[in-house]
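Heads up, the thing below is written out as structure tokens.
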Amino acid sequence: MTDARRGLDAEVAVIGLGAIGSSAAWQLAARGVDVVGIEQHEPGHAHGGSTGRTRLFRVACLEHPGLAPIARRARELWRELEASSGQELLLETGGIMIGQPGSRIVEGTLAAAREHGLPVERLDAAEVARRLPAHAALDPGDVGVWDPEAGVLRPEAAIVAAAEAARAAGARIRTGERVLAIEPDDAGVTVRLASDELRVARVVVAAGPWIGRLVPEVPLVPHRVVQTWFAPKEGRDAGIDRLPVFIRSVPGLGGEPRWIWGHGALPGDLVKVGGEFDGPFSADDPDAIDRSLAPGETDELRDQVAATFPDLEPEPAAWTTCIMAHTPDGQFVVGAMDDDRRVVVAGGCSGHSCKHAAALGELAAQAALGEAPTTDVAFLDPRRFAAASGPHPGPDPGGL
Ligand SMILES: Cc1cc2nc3c(=O)[nH]c(=O)nc-3n(C[C@H](O)[C@H](O)[C@H](O)COP(=O)(O)OP(=O)(O)OC[C@H]3O[C@@H](n4cnc5c(N)ncnc54)[C@H](O)[C@@H]3O)c2cc1C
């Protein structure tokens, strides 16, 4: 029976067409599902979690070994979107993860590689410096793990490409409209908009830092983050070939180990270097985050850049704000909130979901349709927090 004959406006509504939602809409439409995608801004906008021109892509994901197959599936889907859009979305440069033996950067990367037979290489400090002179000033005790499958993803272009692929496959895309509420019942879900309401069989809520507004049972903390870019000193080369993707442990203000991450300049762009995403986090209102830079806000990073990369001017040459959505355990949420699959959520970026977004969109589509997931995602079940009580403990630090 058609959706209209069942009194439905669509089979599935995807709420939020950011990194994950645009892919969910694409995957649903590609399966022949009658889908409507609703986005409060325009795909590729600068107000959410996916702005800033690049995101690190890694397969040997230190955050959880279960993420490696998701990254590999995402890479296949990014390549499909490159073919359909004619744009380069994922540039594989290789990447180096540097820290002390036993540190999470090193051991997490090695654990993912071991579990999935990934072709990483463990290098001592001298070998890192020989291969990557931009990392010459290493602590002699440091080691590096080279992930040849790492690279950078272009998030805004990827989102636009996925939204276009969704449209081409038959999805209806509504932009500039905010979903105010979702009301599930036994027969479907009512989706309330400012001037309209839709009746659908199920919803995929991929609203990024705004998920908590629509599905408050998912304990997400939206959090403001500043992204920073640095210029090379006069006559110095800081291109991405010389400084490929990296995550590196360096001393913080008090001498304690802290992470920095980034990559060298893409043609016509600056060097991206960011600091650790750590707590304690207080929830920021995603609609009212402070888009200005507070005095001293980038001082720690400036000092770390000065100490780590002598080829860079240490004061940031550019910056912008962005919003993350942290979960208590630092892993994403993908799956149904109820046994009837009326409400599926996909998000909880915790600072590292963009690389996976194409695959997370597919997993959300599979969850909505009751299909078997492409990869094992039990560790991303959004209902895993239901048994937990007490205040949000703050996220697992780090993650890209
Ligand atoms: C500074 C920074 C650095 C990062 N670095 C990395 C990295 O190196 N590698 C990596 O893999 N990940 C990284 N991440 C994480 C990654 O970029 C984000 O997690 C991911 O892009 C978020 O995707 P999303 O689809 O969940 O959210 P978004 O892309 O924010 O999409 C949510 C969408 O929902 C829309 N929306 C919300 N509410 C509504 C509503 N009620 N009605 C209609 N539309 C709505 C929003 O407008 C938005 O477009 C980083 C994040 C930040 C902030």
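No lab work stands behind these numbers, since they all come straight from the coordinates. Remember, predicted model here, so these are calculated numbers, not experimental data. Here the Cβ positions follow ideal geometry from the backbone for every residue, glycine too, while neighbour counts run over all protein chains shown.
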Next item on the list: Taking the Cβ of VAL145 as the centre, find all other residues whose Cβ is under 15 Å away and add up their charges (Lys, Arg: +1; Asp, Glu: -1).
Entry: -3
Next item on the list: Could you compute the FRET efficiency for ASP241 and ARG72, with r as their C-beta to C-beta distance and R0 at 30 Å, rounded to 0.05?
Entry: 0.80
Checklist line | Least to most buried among CYS61, CYS322, CYS349 (fewest other Cβ within 10 Å first) | finding: CYS322, CYS61, CYS349
Check: Which ordering of ASP340, ASP142 is given by a fewest-first count of other beta-carbon atoms within 10 Å?
Finding: ASP340, ASP142
Check: Using a basic spin-label model with each label point 7 Å from the Cα along Cα→Cβ, how many nm lie between ASP340 and ALA306?
Finding: 6.1
Check: After finding the eigenvalues of the alpha carbon gyration tensor for the stretch 40-112, what semi-axes result from the square roots of 5 times each, listed largest first in whole Å?
Finding: 27, 16, 12
Notebook entry, point to check: Can you give the alpha-carbon Rg of the stretch 189-249 over 2.2 N^0.38 Å, where N counts its residues?
Noted result: 2.04
Next item on the list: Subtract the Cα-Cα distance of LEU91 and GLU177 from 0.36 nm times their separation in residues, and report this length gain in nm to one decimal.
Entry: 27.7 nm
Margin query: Helix 357-369 against the longest principal axis of the chain: what's the angle in degrees, Cα atoms only, rounded to the nearest 10?
Written below: 30
Note to self: Positive end of the dipole of the chain, charges at C-beta (+1 Lys, Arg; -1 Asp, Glu), about the Cα centre: which of ILE323, ALA83, VAL14 has its Cα farthest in that direction?
What the structure shows: ALA83
Checklist line | Max mean-square fluctuation residue, GNM over the chain, Cα-Cα springs under 10 Å, options ALA112, ALA238, ALA386 | finding: ALA386
Next item on the list: Net charge near VAL377: determine it from the other residues with C-beta under 13 Å of the C-beta of VAL377, scoring Lys and Arg +1 and Asp and Glu -1.
Entry: -1
Notebook entry, point to check: Looking at the stretch 227-322, which GluC sites (Glu not before Pro) are DSSP coil and have at most 11 other C-beta atoms within 10 Å of their C-beta?
Noted result: GLU234
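Can you check what the net charge comes to around LEU301, using other residues whose Cβ is under 12 Å from the Cβ of LEU301 (Lys, Arg +1; Asp, Glu -1)?
Here the count lands on -3.
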Notebook entry, point to check: With axes computed from alpha carbons, what is the tilt in degrees of helix 299-308 against the longest principal axis of the chain, rounded to the nearest 10 within 0 to 90?
Noted result: 50
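Give me the dipole magnitude in Debye, nearest 20, for the chain about the Cα centre, with unit charges on the beta carbon: positive for Lys and Arg, negative for Asp and Glu.
Here the chain has a charge dipole of around 560 debye.
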Checklist line | Nearest 10 degrees, 0 to 90: helix 67-85 Cα axis against the chain principal axis | finding: 70
Next item on the list: Arrange SER249, SER292 by Cβ neighbour counts within 10 Å, fewest through most, would you?
Entry: SER292, SER249
Check: Could you give the semi-axes, largest first, of the ellipsoid that matches the stretch 215-335, computed as the square roots of 5 times the alpha carbon gyration tensor eigenvalues and rounded to whole Å?
Finding: 28, 15, 15
